[in-house]
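Below is one structure, written out as structure tokens, with a few remarks after it.
The values are calculated or read from the model by the stated rules, or taken from the named source; none is laboratory data. Given the structure is predicted, the values throughout are model-derived calculations rather than measurements. Positions of Cβ are backbone-derived with ideal geometry, glycine not excepted, and every protein chain shown enters the neighbour counts. Ligands, DNA and RNA are stripped out before the accessible areas are found, and what is left, the full protein with its side chains, is counted by its heavy atoms. Shrake-Rupley method; radii C 1.70, N 1.55, O 1.52, S 1.80 Å.
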Amino acid sequence: MSKASVLIPHKELRRLTGAIFLANGLAANHAALVADTLIWANLRGVDSHGVQRVPRYVEWLQSGTINPTPTFEIEQKTPSSFILDADRSAGPIAMTAAMEHAVQDADKAGISFGLIRHTTHVAAVGYYTKIAAQHDMAGIAISASVPNMAYHGARAAGVATNPLAIAVPGRNGRIVSLDMATAVAALGKLMHARSTSTPVPDGWALDADGDPTNDPMKATLPRPLGGPKGAGLSLAFECLTSLLAGQPIISDMLTGGDKRHRQNAAVVAINISTFTDVETFKNNVEELSSALKSLPRAADVDEILLPGERGDRVHVQRERDGIPVPVAIWSKIVDLAETYDLPVPVPIR
């Protein structure tokens, strides 16, 4: 744990986070869901998508960027596809509803593809693919956002740090879960580095002038993962979400359109039983995992890890010992709690 962090019990942090959102107009079930999404990210070590987002979510709720009382509409419905108009809801609410709808459809049709338009920050997309995996399905989730990442070869933002998550079930409730950004490091990681005064590693970001920097206070523009590969993936995700849903984001913003924060997304649920026996699939996942983990290791590697395995272990540790929250972020959360006269958890240390 960083010396600039405090340890907060996860249940208490979840309770406080939900109470803050409730005080800002979200329904009780929606406030609890958004809080759970953020705490889930913290528990898995993805602090860039955890409670450091609380102050910004509150700002968006107060400014009307996030609609606290959305009305969802399912449009252009077929047995295996749909569009969910999210009415500018908080992203976790829309994404959860969309994946649950996709799982229901895939139970009958074998597969379901859902587009989500008019939503806001969707948080850690791995949270939604696990919903599919828990129903013995494979889950895929992508999202598209406002330009906040340099396009390969450019000195300015041209695409977003659009994420991709894929999850499949293994035996005994285990989930193999890939959850990644198309940037070398997501924008949230730059925010986290700023809040902890941690130098930014080489190759992570550019400053406002488009020059490489290690200064966390100047690092404003993430760089694409693998150069043209990350930039190309992000562009493709904009095409498969925003353009397919008829709601362009990047071209609109780059040509002087609506500058408000907004996101579009897509989810896929694949019913494994439509294609193969579920238990056979799970056994094959375990055999594949064992084969990969048994490969000869590089000299500086203690263990070969699979997607999601590190997060599973961090989850166990943080659930037991508490979630480290940077002092700068904790101070903002405490200020919000005091604003709404909410009890503040006592840090473990």
field: Spin-label proximity, Q62 to region 8-24 - amide N less than 19 Å from point 7 Å beyond Cα toward beta carbon
entry: 16-24
Length-normalised contact order for the chain - Cα pairs under 8 Å, 6+ apart - percent: 24
- request: Starting from 0 in steps of 20 Å, tell me what percent of the Cα-Cα pairs of the chain lands in each bin.
  value: 29, 61, 10
message: Report the gain in length on full extension from E75 to V346: 0.36 nm times residue separation, minus Cα-Cα distance, nm rounded to one decimal.
response: 92.9 nm
- request: Taking only Cα atoms and a 10 Å spring cutoff, compute GNM fluctuations for the chain and point out the largest among I250, I270, I74.
  value: I74
- prompt: Given a 1.4 Å probe, how much area per residue of region 288-331 is accessible, in Å²?
  reply: 63
query: Quick one: which of 330-339, 162-171, 295-304 comes out on top by average Cβ neighbours within 10 Å, and what's the full order, highest first?
result: 162-171, 330-339, 295-304
- prompt: Going 7 Å from the Cα of D335 toward and past its Cβ, which residues in region 184-217 have a backbone nitrogen under 16 Å from where you end up?
  reply: 195-196
query: Given the Cα-Cα distance of V314 and E287 and 0.36 nm per residue of separation, how much length would full extension add, in nm?
result: 7.3 nm
- prompt: If you average the sequence gap of Cα pairs under 8 Å that are 6 or more apart and divide by the length of region 211-312, what percent do you get for the contact order?
  reply: 12
statement: Expressed in angstrom, Rg and Dmax over the Cα atoms of region 43-120 are 14.6, 41
task: For K282, list the lysines whose Cα falls under 16 Å from its own Cα; do not include residues on the same chain fewer than 8 positions away.
output: K130
field: When region 211-316 is reduced to its Cα atoms, the Kirkwood hydrodynamic radius in Å
entry: 18.8
- request: Please work out the FRET efficiency for the pair A4 and R260, using the Cβ-Cβ distance as r and a Förster radius of 35 Å; give the result to the nearest 0.05.
  value: 0.60
query: Between D107 and M180, what length comes free when the chain is fully extended (0.36 nm per residue of separation minus the Cα-Cα distance, one decimal in nm)?
result: 23.6 nm
query: Which of the lysines could a cross-linker span from K218 if the Cα-Cα distance has to be under 23 Å and same-chain partners fewer than 8 positions apart are dropped?
result: K3, K189, K259, K332
query: Share of the chain's accessible area from carbon and sulfur, percent, 1.4 Å?
result: 56
- prompt: Of A97, A32, F82, which is farthest on the positive side of the dipole of region 1-104, counting Cα position, with +1 on Lys and Arg Cβ, -1 on Asp and Glu Cβ, and the Cα centre as origin?
  reply: A32
- request: Taking the Cβ of V285 as the centre, find all other residues whose Cβ is under 10 Å away and add up their charges (Lys, Arg: +1; Asp, Glu: -1).
  value: +1
query: So what does log10 I(q)/I(0) come out to for region 164-209 at q = 0.28 Å⁻¹, using the Debye formula with one equal point on every Cα and no solvent?
result: -1.03
